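Chemist: Take this structure first; my questions come after.
The values are calculated or read from the model by the stated rules, or taken from the named source; none is laboratory data. Computed from a predicted model, the values in this text were never measured in an experiment. A quick note on method: Cβ atoms are made from the backbone with ideal geometry, for glycine too, and the neighbour counts reach across all protein chains shown.
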Amino acid sequence: MPDRAVIVYCNILRHLFPGVPLIIGGVEASLRRLAHYDYWENRVRRSLLLDSRADILVYGPGEWQILEIARRLEEKKELEGIPGTCIVSRQVPPGFTLLPSFEQVQEDKEAFLEMQTKLSIRKGLAQPHGQAYVLQFPFPRYQPEFLDWIYSLPFSRVIPADFPELRLAQFSVVTHRGCVGQCSFCALALHQGDRIISRHEEAIIEEIDRLASHPQFKGIIDDLGGPTANMYGLDCPSSCPEGECLKCPQLDLSHRRLIQLLRQARNRPGIKKILVRSGIRFDLAMASPEYLEELINYHLSGWLKIAPEQVSLKVLRLMNKPTYKLDEFRKLFERLNKGKKQYLKCYFMVAHPGTTREEALKLAEYLNKWRGSGPDPVEGVQIFTPTPMTRSTCMYYTGLDPVTGEEVYVPRTYAEKKEQKRMLLPKRKSRKISS
């Protein structure tokens with residue numbers, strides 16, 4: 001696949017099919033829909049909608065938008081105003097939030113910071129690019145019935161022999177979309193939405209029953225979950241400010257709906273085991289020991305995946321991650337898991353803005369102490385990579401915290417990033433060479 005694949009393919013399509021409406025979508029288009037910092041070139045680039053010369057950009061999963069676009073094209077109607085899309089226009093609709101222009105954010109980091117604080121999928125946004133505006137229409141708030149319909153379609157669930165890495169997806173079931181976590185380094189809330197949309201239990205059970213009759217199915221559901229496995233059932237009809245869900249007293253952390261779903265699903269005919277391989281948000285799980293017991297007793301394959309990312313309170317605040325002490329969750333897990341050979345597997349991140357060598361060293365010491373009491377808990381160590389539209393990328397580019405405006409230390413050199421990662425990996429024992 002070529003670099004900047006969307007631009008390359010759009011140019012080819014424009015040449016081959018002049019005059020045919022050109023629609024772009026997917027993760028690359030979604031996250032580059034407005035002016036954005038580009039890590040490859042270390043500069044701010046304009047909207048991909050302009051660079052690709054597409055007629056309309058679909059952001060997010062896109063099923064609803066594509067159906068609406070197809071309907072309008074069939075009826076020979078304009079494509080303006082479709083929720084979950086972006087277009088280029090000479091005018092700004094009433095009620096849209098005006099962002100700093102591409103030219104401003106390209107030259108002024110304070111303007112880039114201002115743009116970051118205004119990003120939202122709930123609002124209409126307009127960003128000047130030269131003499132025109134890139135318009136983002138608010139994300140469609142589709143209903144659970146729509147998700148149920150999508151996953152009821154007759155997918156073959158046959159994995160091509162050339163793509164064995166997709167095997168785990170063959171018999172996995174999606175329970176919900178969206179995320180209320182709002183981690184600074186994650187773009188999911190700006191792609192799938194910052195509200196949870198949970199499928200109906202009956203529809204999920206029907207899908208599991210269909211899988212049980214698949215000729216290649218051997219009785220094991222490889223994953224039952226979503227972006228974060230234990231956010232199923234956290235749907236909320238209110239219109240709270242963005243990013244406030246985890247602080248809301250109305251958030252139901254009992255995991256009641258999810259526990260009920262797991263119990264129903266594992267007792268269906270033809271089902272031997274249902275695994276939960278998607279990571280869980282451990283601060284939410286701590287509120288429901290009953291849910292953790294369900295996971296530990298029935299739905300693990302030896303490991304439970306969590307993503308603490310760091311142990312430094314300073315860095316966790318910048319990441320917008322839970323500042324619960326990881327030790328508290330470890331003790332709860334070990335108590336509920338007593339007598340079972342099941343362990344935690346953790347994901348950590350180095351070189352995130354705010355991570356000095358001292359902060360990385362604290363994490364390394366913590367992990368070395370943990371390794372001394374059992375199996376290595378580290379599933380993966382990721383070097384922070386700036387992704388368009390995220391708060392962490394804004395910190396990386398501007399050197400400022402978009403929430404407070406304070407300066408933030410940023411590890412920038414490749415040597416420093418690799419050193420931080422090396423510190424977290426277990427020390428290799430030197431092999432003796434026999435004479």
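Chemist: Taking region 276-299 on its own, how many of its residues are part of a loop (DSSP other than H, G, I, E, B) and either of a type outside the set (Lys, Arg) or touching a strand residue (DSSP E or B) at 6+ places or on another chain (Cβ under 6 Å) (or both)?
Modeler: 7
Chemist: Follow-up. Suppose we filter Lys345, Lys362, Lys341 for residues that are basic (Lys, Arg) and touching a strand residue (DSSP E or B) at 6+ places or on another chain (Cβ under 6 Å); which single one remains?
Modeler: Lys345
Chemist: Return yes when Ile271 is β-branched (Val, Ile, Thr) and in contact (Cβ under 8 Å) with a residue 60 or more places away in the chain and no when it is not.
Modeler: yes
Chemist: I need every pair where a residue in region 363-376 that is within 13 Å of Lys427 (Cβ to Cβ) and assigned to a helix (DSSP H, G or I) has its Cβ under 9 Å from the Cβ of a residue that is modelled with pLDDT of 90 or more and among the acidic types (Asp, Glu), sequence separation at least 6 or different chains.
Modeler: If the second residue must be modelled with pLDDT of 90 or more and among the acidic types (Asp, Glu), the pairs left are Leu367/Asp376.
Chemist: Taking Glu206 as the residue in question, decide whether it is surrounded by 13 or more Cβ atoms within 10 Å (Cβ to Cβ) and part of a helix (DSSP H, G or I).
Modeler: yes
Chemist: Next question. Please determine, by comparing only the residues of region 321-359 that are in a helix (DSSP H, G or I) and under 24 Å from the mean Cα position of the chain (by Cα), which one is nearest to Tyr298 (Cα to Cα).
Modeler: Looking at the filtered set, the residue picked out is Phe329.
Let's see how each residue does on (1) touching a Leu at 6+ places or on another chain (Cβ under 6 Å); (2) within 18 Å of Ile259 (Cα to Cα):
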{"residue": "Glu294", "(1), (2)": "yes, yes"}
{"residue": "Asn297", "(1), (2)": "no, yes"}
{"residue": "Leu300", "(1), (2)": "no, yes"}
{"residue": "Trp303", "(1), (2)": "no, no"}
{"residue": "Ser312", "(1), (2)": "no, no"}
{"residue": "Val315", "(1), (2)": "no, no"}
{"residue": "Thr323", "(1), (2)": "yes, no"}
{"residue": "Arg330", "(1), (2)": "no, no"}
{"residue": "Arg335", "(1), (2)": "no, no"}
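Chemist: Another question, then. Does region 384-391 contain any residue that is part of a helix (DSSP H, G or I) and aromatic (Phe, Trp, Tyr)?
Modeler: No: region 384-391 contains no residue that is part of a helix (DSSP H, G or I) and aromatic (Phe, Trp, Tyr).
Chemist: Only residues in region 60-79 that are surrounded by 11 or more Cβ atoms within 10 Å (Cβ to Cβ) count as the first member; pair them with residues that are in a helix (DSSP H, G or I) and polar (S, T, N, Q), Cβ under 7 angstrom, at least 6 apart or cross-chain, and list the lot.
Modeler: Filtered contacts from region 60-79: Gly60/Ser30.
Chemist: Now for a different question. Given the criteria assigned to a loop (DSSP other than H, G, I, E, B) and either crowded, with 17+ Cβ neighbours inside 10 Å or in contact (Cβ under 8 Å) with a residue 60 or more places away in the chain (or both), does Val180 qualify?
Modeler: yes
Chemist: If you don't mind, there's one more thing I want to ask. Where residues in region 316-329 are basic (Lys, Arg) and surrounded by fewer than 19 Cβ atoms within 10 Å (Cβ to Cβ), which of them is farthest from Val180 (Cα to Cα)?
Modeler: So the residue we want is Lys325.
Chemist: I would also like to ask the following. Just to verify a result, which residue in region 184-212, among those that are small (Gly, Ala, Ser) and at pLDDT 95 or above, is nearest to Ile121 (Cα to Cα)?
Modeler: Filtering first and then ranking leaves Ser184.
Chemist: A follow-up question, please. Could you check region 229-253 and list, in sequence order, the residues that are on the phi < 0 side of the Ramachandran plot and at pLDDT 95 or above?
Modeler: Ala229, Asn230, Met231, Tyr232
Chemist: Can you tell me which condition Glu293 does not meet? The list is (1) more than 30 Å from Arg210 (Cβ to Cβ); (2) more than 23 Å from the chain's Cα centre (by Cα); (3) not hydrophobic (A, V, I, L, M, F, W, C), and all the others hold.
Modeler: Looking at each condition in turn, Glu293 falls short on (1).
Chemist: If you take just the helices (runs of 4 or more DSSP H) that sit entirely in region 23-111, which of them hold at least 1 residues that are under 24 Å from the mean Cα position of the chain (by Cα) and within 21 Å of Leu188 (Cα to Cα)?
Modeler: The helices (runs of 4 or more DSSP H) meeting that bar are 27-31, 48-52, 63-74.
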